[in-house]
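Structure record follows, encoded as structure tokens.
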Amino acid sequence: MRAGKICRWRFAGLVPYGEGRLLQRDLVRRRLAGEIPDTLLLVEHPHVITLGKMARPEHVRRTRPGVEVVETDRGGDVTYHGPGQIVAYPILDLREHRRDVRWYLDRLEEVMIRVVARYGLRGERRPGATGVWVGGAKIGSIGVRVERWITSHGFALNVATDLSYFDLIVPCGLEGVRMTSLEKEVGRAVDPGEVRRGVVEAFGGVFHRVMEEIPG
Amino acid sequence: MPTNIIMPQMGESVFEGTITRWLKKEGDRVLRDEPLFEISTDKVDTEIPSPVGGILRKIICPVGAKVPIHTVVAIVDESGAPAEEAVPRGAAAPVRAEPAPVAGLDPTEAETRRFAPPAGGCGTGAGGPPRPVAAEGPLLLEVSSEAPLALRDQVVPMSPMRERIAEHMVRSRRTAAHAATVFEADVTRIVEIREREKRDFEIVTGTRLTYTPFFAAACVQALREFPILNSSVEGKNIVYRKEIHLGVAVALPDGLIVPVIRNAGERSFVDLCRTLNDLAERARTKRLSVEEVQGGTFTITNPGPYGGLFGTPIINQPQVAILGIGTIERRPVVVHEAIAIRSMCYLCLSFDHRVVDGAVADRFMARLKGILQEWTIPIR
């Protein structure tokens, strides 16, 4: 087997949103400086509603105690992150892939489609509504930032998410969107570690990278 | 030499982008490869570095404009260029393209007209069909200074925060019968206490001793004695609020926000101080939750350190009064038939004359002044 380019990955556990941003900024800086290869950071966030630059404040319908609301610097409108959701932050140098952000979004969708396929689900794309949909409901959301072709932010896949939290917002600014999760669709409990491994594997396949776990 | 900065193409099927932020102002110096503006395309935010170093002469497309690729969005003048620094050249930087030699008076003019924003300004979605670009992506054209780019007024859509502030201010003016009263307080004692205690206070409590908690604690005490100032109007009823939830206005670079100290009446001085510092810090870093800016029953605001004597603030609805605290200044004052140097401060109360009469407002202020001048509240 020919050894390909490497992408390192790490699951950082439950990370507050702001701290996740700091981790990413540091990785972007180091990726830009060429100190590290492509890196995939996986986290889970405590309850948080995040607003992209283009977000309209009225898309936050209401809030609940314990749910932080933050403005952030990714593309897209408003979304929710919380326990039971796999959040993936790829720090890639698109100059080594393709200098095309639309292509990149499509590839992130492909990663999630491959992950849900492992559970017998058919993930679908919708023109004009970036993300992954299963049976008419949205299971995975995307919001990305690119600085000098280095990516940050990424995607969020609902695994065992308490979907009632999405009622607080108009997800992605699209009225009438129904959200779903892997567990809801397969009708049984799903091992989050197994899903994470699925994400890592699919990511390596889609971006043609050998996935290497960062120890510790 | 002026260089046109062009909306880059971020991918094969990406034909326009929305400008979300200018990282430099007109007149600012920008280094080559230094981030100049940010754009948003669908689900992607991108930071665009300047392809050249120089002075940002003109921003043509304001924040909020939806701009076709290859449109001129700004002009950077290289003649004022500082020595270029060795910033690693980002690939997203627009590349130079020689103006096509076209027969005619001015070859560059034809090129410019083709790609300059249409007369209506940016965001009309026009600008000609997207041109195929090299894999390198974005293009950049150089034009002479005679380029037909008229100076235009800058149109900047309000940020969501600005919209909310605007809506609230007008609504408050429409709702309340604003009246104001101004008092002057001698806060020398408080200044002395703070100077004496601030070092130990921070060591013991772990939080910085500022002036705001003194004013907050004094307000709490005065509000207890004048509950009408801690009320709100609902239809034809006056609702006397049982708890004192004290709003404290915090200035942000692009607006202001009023986090609320809940149950301020039940907090010790140290607790007030710590909560204030925490809320102010998180307000500035935009990390407040929605509950933390709601439910205030009275607000204090500090018009800022620019030397204004006092301002007449607008009431934070549905409250009935707001206290503006002026700058603390050392001034000559007559004390016991002598002129003394005292630390003085103007206090201005805006109140809703529908429910608060002038005499009541003045009695409240006199009491507040007394509490501040003869400070007796233990600070730790």
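The values are calculated or read from the model by the stated rules, or taken from the named source; none is laboratory data. Note that the structure is a prediction, hence the values are computed from the model and not measured. Cβ sites come from the backbone with ideal geometry, for glycine too, and all protein chains shown count toward neighbours. These area figures cover heavy atoms from the full protein model, side chains too; ligands, DNA and RNA do not enter into them. Shrake-Rupley method; radii C 1.70, N 1.55, O 1.52, S 1.80 Å.
Beta carbons closer than 9 Å, at least 6 apart along the sequence or on distinct chains, pair a first residue in the range A:53-66 that is more than 8 Å from every other protein chain (Cβ to nearest Cβ) and within 13 Å of A:GLU175 (Cα to Cα) with a second that is part of a helix (DSSP H, G or I) and open to solvent by less than 40 Å² (accessible area, probe 1.4 Å) for A:HIS59/A:PRO171; A:HIS59/A:CYS172; A:HIS59/A:GLY173; A:ARG61/A:LEU168.
Across the range B:326-352, which residue is least open to solvent (accessible area, probe 1.4 Å) among those that are without any contact (Cβ under 8 Å) to a residue 12 or more places away in the chain and of a type in the set (A, V, I, L, M, F, W, C)?
Looking at the filtered set, the residue picked out is B:ALA340.
For the range A:74-88, how many residues are touching a His at 6+ places or on another chain (Cβ under 8 Å) and open to solvent by 10 Å² or more (accessible area, probe 1.4 Å)? Summing the residues that are touching a His at 6+ places or on another chain (Cβ under 8 Å) and open to solvent by 10 Å² or more (accessible area, probe 1.4 Å) in the range A:74-88 gives 4.
Report whether or not B:VAL355 is over 25 Å from B:SER268 (Cβ atoms), modelled with pLDDT of 95 or more, of a type in the set (A, V, I, L, M, F, W, C) and open to solvent by 10 Å² or more (accessible area, probe 1.4 Å). Judged against the criteria, B:VAL355 is a match. Taking each residue of the range B:166-189 that is farther than 30 Å from B:GLY370 by Cβ and looking for partners that are at pLDDT below 95 with beta-carbon atoms closer than 6 Å, six or more apart or interchain, yields B:THR175/B:GLN317. Being crowded, with 20+ Cβ neighbours inside 10 Å and either part of a helix (DSSP H, G or I) or at pLDDT below 95 (or both) holds for only one residue in A:VAL177, A:VAL200, A:VAL206, and it is A:VAL200.
Taking (1) at positive phi; (2) outside any strand (DSSP E or B) in turn, A:VAL111 satisfies each apart from (1).
Looking at the range A:67-95, which of its residues are touching a residue at least 24 places away in the same chain (Cβ under 8 Å) and hydrophobic (A, V, I, L, M, F, W, C)? If you could, list the steps in order and put the result at the bottom.
First, pick out the residues of the range A:67-95 that are touching a residue at least 24 places away in the same chain (Cβ under 8 Å): A:67-68, A:70, A:72-95.
Within the range A:67-95, A:VAL67, A:VAL70, A:VAL78, A:ILE86, A:VAL87, A:ALA88, A:ILE91, A:LEU92, A:LEU94 meet the criteria.
Selection of the range B:24-41 for residues being within 12 Å of another protein chain (Cβ to nearest Cβ), surrounded by fewer than 21 Cβ atoms within 10 Å (Cβ to Cβ) and not in a strand (DSSP E or B) yields only B:GLU34.
Going through (1) more than 10 Å from chain B (Cβ to nearest Cβ); (2) over 20 Å from A:LEU168 (Cβ atoms); (3) open to solvent by 30 Å² or more (accessible area, probe 1.4 Å); (4) not aromatic (Phe, Trp, Tyr) one by one, A:VAL116 falls short only on (3). No other residue among B:VAL170, B:VAL191 is in a helix (DSSP H, G or I) and open to solvent by less than 50 Å² (accessible area, probe 1.4 Å) apart from B:VAL191.
Number of residues in the range B:282-308 that are within 14 Å of chain A (Cβ to nearest Cβ) and in contact with a strand residue (DSSP E or B) (Cβ under 9 Å, 6 or more places away or on another chain): the value is 12.
If you scan the range A:4-15, which residues turn out to be part of a loop (DSSP other than H, G, I, E, B) and surrounded by 14 or more Cβ atoms within 10 Å (Cβ to Cβ)?
If the condition is that a residue be part of a loop (DSSP other than H, G, I, E, B) and surrounded by 14 or more Cβ atoms within 10 Å (Cβ to Cβ), then A:VAL15 is the only one that fits.
Selection within the range B:56-77: residues that are open to solvent by 20 Å² or more (accessible area, probe 1.4 Å) and of a type in the set (A, V, I, L, M, F, W, C). The member of this set that is farthest from the chain's Cα centre (by Cα) is B:ILE75. Here A:GLU194 fits the description: assigned to a helix (DSSP H, G or I) and out of contact with any strand residue (DSSP E or B) (no Cβ under 6 Å at 6 or more places or on another chain). Does B:GLY235 qualify as being small (Gly, Ala, Ser) and surrounded by fewer than 18 Cβ atoms within 10 Å (Cβ to Cβ)? Yes: the conditions hold for B:GLY235. Being within 14 Å of chain B (Cβ to nearest Cβ), at positive phi and in contact with a Pro (Cβ under 6 Å, 6 or more places away or on another chain) is the requirement here; does A:GLY154 meet it? So A:GLY154 fits the description; yes. Are any residues in the range B:1-23 within 13 Å of chain A (Cβ to nearest Cβ), open to solvent by 20 Å² or more (accessible area, probe 1.4 Å) and in a loop (DSSP other than H, G, I, E, B), and if so, which ones? Passing the criteria: B:GLU12, B:SER13, B:PHE15, B:LEU23.
Regarding the range B:360-368, can at least one residue be identified that is buried (at least 22 other Cβ atoms within 10 Å of the Cβ), within 30 Å of A:ILE169 (Cβ to Cβ) and touching a strand residue (DSSP E or B) at 6+ places or on another chain (Cβ under 9 Å)? Within the range B:360-368 (the criterion being buried (at least 22 other Cβ atoms within 10 Å of the Cβ), within 30 Å of A:ILE169 (Cβ to Cβ) and touching a strand residue (DSSP E or B) at 6+ places or on another chain (Cβ under 9 Å)), the answer is no, since none of the residues qualifies.
Among the residues of the range A:16-52, the ones that are assigned to a helix (DSSP H, G or I), touching a residue at least 40 places away in the same chain (Cβ under 8 Å) and within 14 Å of chain B (Cβ to nearest Cβ) come to 9 in all. Considering B:VAL270, B:VAL239, the condition of being assigned to a strand (DSSP E or B) and modelled with pLDDT of 90 or more is satisfied by B:VAL239 alone. Listed here are the strands (runs of 3 or more DSSP E) enclosed by the range B:282-378 that have at least 1 residues being farther than 20 Å from B:LEU256 by Cβ: B:329-335, B:338-352. Of the residues making up the range A:67-90, those that are farther than 18 Å from B:MET161 by Cα, more than 8 Å from chain B (Cβ to nearest Cβ) and in contact with a Leu (Cβ under 9 Å, 6 or more places away or on another chain) are A:THR79, A:TYR80, A:PRO83, A:GLN85, A:ILE86, A:VAL87, A:ALA88, A:TYR89, A:PRO90.
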